[in-house]
1. I169: farther than 16 Å from T54 by Cβ, modelled with pLDDT under 95 and in contact with a strand residue (DSSP E or B) (Cβ under 8 Å, 6 or more places away or on another chain), yes or no?
2. D205: open to solvent by less than 50 Å² (accessible area, probe 1.4 Å) and of a type outside the set (K, R), yes or no?
3. Determine the pairs where a residue that is touching a residue at least 40 places away in the same chain (Cβ under 8 Å) and more than 20 Å from D31 (Cα to Cα), located within the stretch 247-269, has a partner that is more than 10 Å from the ligand (Cβ to nearest atom) and open to solvent by 30 Å² or more (accessible area, probe 1.4 Å) with Cβ atoms under 6 Å apart, the partner being 6 or more residues away or on another chain.
4. Quick one: in the stretch 70-86, which of the residues that are assigned to a strand (DSSP E or B) and out of contact with any helix residue (DSSP H, G or I) (no Cβ under 7 Å at 6 or more places or on another chain) is farthest from K227 (Cα to Cα)?
5. I need the full set of residues from the stretch 253-271 which are within 16 Å of the ligand (Cβ to nearest atom), loosely packed, with under 14 Cβ neighbours inside 10 Å and among the charged types (D, E, K, R), in order please.
6. Going by the conditions given, is C228 of a type in the set (A, V, I, L, M, F, W, C), within 16 Å of the ligand (Cβ to nearest atom), closer than 30 Å to R87 by Cα and open to solvent by less than 60 Å² (accessible area, probe 1.4 Å)?
7. Across the stretch 211-225, which residue is farthest from the ligand (Cβ to nearest atom) among those that are open to solvent by less than 50 Å² (accessible area, probe 1.4 Å) and under 26 Å from the mean Cα position of the chain (by Cα)?
Amino acid sequence: MTDQLQRFLFDDFQIRGEIAKAHETFQQCIDNHNYPEAVANIIGELLIATSLLTATLKFKGKIAVQIQGDGPLSMAVINANQDLQVRGTARYEGNTEGLSFLELIGKGTLMLTISPEDGEPYQGIVALEKESLAACLEDYFIQSEQLATKISLFANSQTSPVQAAGLLIQTLPASSESHEEDFAHVCALAGTIKAKEIYTLKNEDLLFRLYHQENVRLFKLQPISFKCGCSQERCLSSLATLAPGEITEILEEQESIDMRCEYCATTYSFREQDLQILLTPDNPQH
Ligand SMILES: [Zn+2]
């Protein structure tokens, strides 16, 4: 299992952490999209960020982490569920080469939508004002949850295979006098991590390299995987929102109605005979 998330805890501090790696899932998110390098790398970082955030949730449900802006990258989103099954997509326009994170996004926001299986969905929004996605997420945790957090995100869409990984360090509600100092110490060491180390080292070895003087307890590995929920049936039910007349009109101009999933790039093709159920007047879906 190469794509996984692992939580850990510092026994002597009120600090928790998570490591995520998702090389294959990253590849599956960008397959068949031809994203330019800068856009693909943001998807990789967002994929890791979403996995790290999902593991902080304590209920069943869905999470979407979306960035939106007025720059060349107008939208990027990763959806995930509590089992760390993810999918993602992005929209961009024009030249993105060599642009920094803020140049790519322009004036933008980071939006988290959390939809618990039992309960009301809620949304958190923070302005994208820092120079990296990781720093913007740290802002989000301070502003919306009052939790000091350090996040490191790494993604490289140009290597073969592609690579994506990240680390989260977060304070637990703490009271000890030395807590601030302990947290600064743990974060400073986390800041020394190199992309190559997090991509290739086993989690135990990585944590030993960073924190061999501390007592770190690792929890069980959780797999991260790609899963798109699209299907022929779902496409058909979204076509059912069109009036039969509109469908007939389209089919007069073209042989079939093609719908491409913007997440996994699967194309679903519907010819007249596939759409009969929508064209009959007593169609129960209307
Ligand atoms: Zn799909």
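The values are calculated or read from the model by the stated rules, or taken from the named source; none is laboratory data. Note that this is a predicted model, so its numbers are computed, not measured. FYI the Cβ positions are ideal-geometry reconstructions off the backbone, even for glycines, and counts take in every protein chain you see. What goes into the accessible areas is simple: the full protein's heavy atoms, side chains included, and nothing from ligands, DNA or RNA. Shrake-Rupley method; radii C 1.70, N 1.55, O 1.52, S 1.80 Å.
1. no
2. no
3. The qualifying pairs do not exist here.
4. S74
5. Passing the criteria: only D258.
6. Here the answer is yes, as C228 does meet what is asked.
7. I224
This table checks each residue for (1) within 16 Å of the ligand (Cβ to nearest atom); (2) under 19 Å from I169 (Cβ atoms).
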position	(1), (2)
A38	no, no
D70	no, no
G88	yes, no
L99	no, no
I105	no, no
A127	no, no
A134	no, yes
D139	no, yes
